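Inspection log for the structure reproduced underneath, given as structure tokens.
Throughout, read-outs are computed from the coordinates displayed, never taken from laboratory work. Worth saying up front: this structure is predicted, and the values here are computed from it rather than measured. Cβ sites come from the backbone with ideal geometry, for glycine too, and all protein chains shown count toward neighbours.
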Amino acid sequence: MKRNHHFLVFIVVLVSFFVLSVPSLEARSLKGLFIMIDPGHGGVDSGAIGPGGLTEKDVNLRVAKYLKQLLLADGAKVMMTRDTDLSLTLPQRLDIINKYPLDLFISIHHNASLEKSVKNRGEVFYNAFDENTSRKIAEYISKGILANGLANESIVIPGGFFLLRNNPWPSVLTEAGFMTIPKNEKLLRTGKSLTTEAEIIREAVKKVFELPPLKVEAISTRPAITSSPYFNIIFTSNKPLVFAEIKNQEYCACEFGFEKLPTLGNFYCLYNQTPLDSGEYNITTLFKSKDGTSSFPGKLKILVRSSQIKISLNPISDFIPEGFIGTFPISLSLKDSNGSPVREEKPFQFSFNSKIATSSTRSDGKAIILLNLDGKQKEKIDLSVSITENSSASIQIPVRNSERTFILGRVISPLAPKGLERVKIKYAPNKAIFTIMGGYFFCELSTFFGNLKLTLYPPPGYKSDAIVLKTGGEKFFRPEIVISPVNALFFGKKIAILADRSQDPWIRGFVKSLMNAGADVTRLRVPVEAEKPVSEAIKQANQIQDLSLIISIKQEDSKTISLRHYHRGGTGKKILDTLLQNLLKEKYKPSIAVSPGSDYELGHSGASAVVISFPTTVKFEIAKKLLDELYIILGNLI
Ligand SMILES: [Zn+2]
């Protein structure tokens, strides 16, 4: 029996070798391509560990070394992020990637699962920004994994992993099967399985690069800077182009033109057809050539700097009361010759009372100038501001006596020590004002008002508040009001919610609390009509930079509330364990369990994720109570 068994293995090996070697005879050599191979993990980071102690870092490195030999033999230039058992962080790997003009980046990993009954599945992730080269290679690798029996099934996933999301080149990350499955671990110990894997990747690369990759480059310094509202940038291409898609990342009503220049060779000109406001433009480009190859999505930064800048100066009040001591704010904003805001940091110089100082606008072209007044000013104050020799402005602010009480206040918060903008302040029935940059606000009231009640309506994330200011009838009143965030822990945190419309009843309140607490919440679109709605939604999540957490909420035909996390644990597991503990403390009755899950959204995003699955019969109060509790613990855990 043993003999027979070996014989069978021998045939399988022969067959797979045959299948693999035939296309390589026809395929083009990889001469001229620059490929980087990244063996995942290394050094102190073992990666996954098989039941027999085999470490992922070793398997990854062995596959990578085979692959390097194969690609070198095909004529490619090959580099590895590591070729020994070396610890490398993801940012360190990215630094290496950024140094070289690569045609392809391949990261090699092997999967792990805590589930005993997990199917041996190949997972090939690709750079989600590149639906061409990256995706095609991932698809060929996935097919190869299946065809050569490295796994029983294999899927291709637009990946949000750090090295894919931030990669400036076509890139893929392979997980060729689960090394936590004992049978598979055994196979991975043998050289055969590893060379097969390397062969599969090599063949995928050869198929996709059968035709040389399309390379389109801009001939200009980056960022491109122009002082007129029109620009043009010349591109060269190694092949004639038949299609160009030019998009501005932020919304702008500008239209771009792209034309071949009437010169010899492949020279093209990109220009704008409508004038551009001053500011920074981030443009993405995608090109296709006649032979069907596409370029990697390119990024182009264009800075439009109008030479004529208009400075507008607005004092917080149109006069300064006599004897006023303290800081008096004047807001400054920049407009270009088209009258559009100049969204750029600009240094400027200002002078008042024969003192000269310098400052700079924020990236939105706004600044606040603070005049320190000693109460001795009479009649008027002269302020002049200049940016360049051509752009300057000056104003006079009268100093006069007033019968009314002059209130110049400021709103700050521990999270916004420089002052909180856009706080609405109601100071009298039907009278309200907004704080400006620096958190300043101004109002005037009849003298001797005694106690002044202010009602504050801050932006989301802060507590609204009503305060009473006690006064003794002073002429100037300069309150500084400190308001607290609802929950400092949620500030700047990005959370994506994955749930179809049927979950709305309990989600609405939950999402609102998160938003009011200052979290940046995205409700992912779940296109129910699509073939794979969840994968579409995750694709959207993977486009969000620095996403902290995905919360997936659904209903299933079950009697238990099921809380599921990624099998390797991490933040998702921590959140759910804490949630369960707290719910039990609260004497939460329904049956509920935390477990690793195999839901698509858990394993296919760069962010942490949790799945909350209610029974189809769940009652509103039960679901709401759980999400209320989740809201309470979340801030501390993400
Ligand atoms: Zn790994």
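Altogether, the Stokes-Einstein calculation at 4 °C and 1.567 mPa s, with the Kirkwood radius of the chain over Cα pairs as Rh, returns a diffusion coefficient of 44 µm²/s.
Taking a ≥ b ≥ c as the square roots of the eigenvalues of the Cα gyration tensor, an a/c ratio of 1.5 or more together with a/b no larger than b/c marks region 47-90 as oblate. As a rough footprinting exposure proxy, the listed residues ASP95, ASP130 were ranked by other beta carbons within 10 Å of their own, and the order from fewest upward is ASP95, ASP130. For LYS335, the aspartates and glutamates whose Cα comes closer than 17 Å to its Cα, not counting residues fewer than 8 places off in the same chain, are ASP277, GLU280, GLU344, GLU345, ASP364, GLU389.
For LEU104, the residues 5 or more places off, or on other chains, whose built amide H falls under 5 Å of its own are PHE34, MET36. For the Cα trace of region 402-485, dividing Rg by the Kirkwood Rh returns an Rg/Rh value of 0.96.
Whole angstrom only: what separates the Cα centroid of region 370-384 from the Cα centroid of region 427-462? Between the Cα centres of region 370-384 and region 427-462 lies a distance of 24 Å. Compared with the dominant principal axis of the Cα atoms in the chain, helix 191-208 is inclined by about 60°. Could you tell me what % of all Cα pairs in region 2-208 have separations over 32 Å? Percentage above 32 Å: 11. For the chain, averaging the sequence separation of C-alpha pairs within contact (under 8 Å, six or more residues apart) and dividing by the residue count gives a relative contact order of 8 percent.
Near LEU150, no amide H atom lies under 5 Å from its own; only residues 5 or more places off or on other chains count, and H is placed 1.01 Å from N.
Among the lysines, which have Cα under 26 Å from the Cα of LYS183 when same-chain residues fewer than 8 positions away are ignored? Candidates past the 8-residue exclusion: LYS2, LYS57, LYS65, LYS116, LYS119, LYS143, LYS192. Taking the longest Cα principal axis of the chain as reference, the axis of helix 620-637 is set at about 80 degrees.
Across region 216-304, the mean sequence separation of Cα contacts (distance under 8 Å, 6 or more residues apart), normalised by length, yields a relative contact order of 36 percent. Angle of helix 2-26 to the longest C-alpha principal axis of the chain, folded into 0 to 90 degrees and rounded to 10: 60°. List the residues of region 167-181 whose backbone N lies under 20 Å from a point placed 7 Å from the Cα of VAL118 along the Cα-to-Cβ direction. Label zone hits: 173-181.
Go through LYS493/LYS625; LYS554/LYS625; LYS554/LYS574; LYS512/LYS624; LYS463/LYS494 and tell me which ones have a Cα-Cα distance over 18 Å in this structure. Flagged as over cut-off: LYS493/LYS625; LYS554/LYS574; LYS463/LYS494. In terms of its alpha-carbon gyration tensor, region 584-638 comes out oblate; a/c meets the 1.5 threshold, while b/c is at least as large as a/b. Here the residues ASP336, ASP546, ASP83, ranked from fewest to most Cβ neighbours within 10 Å of their Cβ, fall in the order ASP546, ASP83, ASP336. Each residue in THR274, THR560, THR578 was given a count of other beta-carbon atoms within 10 angstrom of its own, and listing them fewest first yields THR274, THR560, THR578.
Here's the list of lysines a cross-link from LYS470 could span, going by alpha-carbon distance under 20 Å and ignoring same-chain residues fewer than 8 apart: LYS426, LYS431, LYS453.
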